[in-house]
Amino acid sequence: MTGIVPVATGDQLRQAFGCFPSGVAAVSALIDDRPVGLAVSSFTSVSLSPPLVSVCMQHTSTTWPILRQSPRLGLSVLSEDHRDTCMRLAGKATDRFAGTDWTAAAEGGVFVHGATLWLDCSIHAEVPAGDHDIVLLLIHGMRADPRTAPLVFHGSQFHRLTAA
């Protein structure tokens, strides 16, 4: 095929994957009475019946092994005003929730205030996939605010939606 080149490096793939815009979600839980979470850009809907979504977790994550022990996980689709929150959740900070307002559900999920969507989930299945695991999450409850614009990640940068 003309213009198609073999994949040579992970950096090339990362750049290629950056051509597809995605939202950013926080996956969080209350662990030992403190919020623990991370940012994912691999969130997607999977099924209406049963209600399932998926996220991908890198095998090298040190946060996922802690989160996966919680009976419930809070998934918050971050809004365009959550850039700083996303950067903290994606980083190595000791307190990733510093400066972020959040709520914990009785079952253990943690939700970021101002997010466009909250999903109260439990792990349905984990599927090994290369250097990640695809984690299927069963949705138990939700709160959606379609008027709140999501944070968009594209080309390794954050963007805001604009009307076409």
**Request:** Rounded to the nearest 500, what is the 222 nm mean residue ellipticity of the chain from helices alone, with -39500 (n - 2.57) per DSSP H run of 4+ residues and division by all residues?
**Result:** -3000 deg cm²/dmol
**Asked** In debye, nearest 20: dipole of the chain around its Cα centre with unit charges on the Cβ of K, R (+) and D, E (-)?
**Response** 200
**Request:** Between the alpha-carbon centers of region 63-82 and region 1-33, tell me the distance in whole angstrom.
**Result:** 18
**Request:** Count charges around His113 for me, please; just the other residues with Cβ under 12 Å from its Cβ, Lys/Arg as +1, Asp/Glu as -1.
**Result:** -2
**Fill in**
Of every Cα-Cα pair in region 61-104, the percentage lying beyond 12 Å is 68
**Request:** Can you figure out the FRET efficiency of Arg160 with Leu48, using R₀ = 41 Å and their beta-carbon distance, to the nearest 0.05?
**Result:** 0.90
**Request:** Assign unit charges at the C-beta atoms only (+1 for Lys and Arg, -1 for Asp and Glu), then state the dipole size of region 32-105 relative to its Cα centre in Debye, rounded to the nearest 20.
**Result:** 260
**Message:** Using Stokes-Einstein with the Kirkwood hydrodynamic radius over Cα pairs, what translational diffusion coefficient do you get for region 9-54 at 25 °C and a viscosity of 0.890 mPa s, in µm²/s rounded to a whole number?
**Reply:** 187
**Cα-derived Rg to Rh of region 23-152, Kirkwood definition** = 0.92
**Positive dipole terminus of the chain, leading residue within Leu30, Val40, Leu52 (C-beta point charges)** = Val40
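FYI, it's all coordinate maths here, none of it is from the lab. Please read all numbers here as calculations on a predicted model, not as lab measurements. Positions of Cβ are generated from backbone atoms using ideal geometry, with glycine treated the same way; all protein chains shown enter the neighbour counts.
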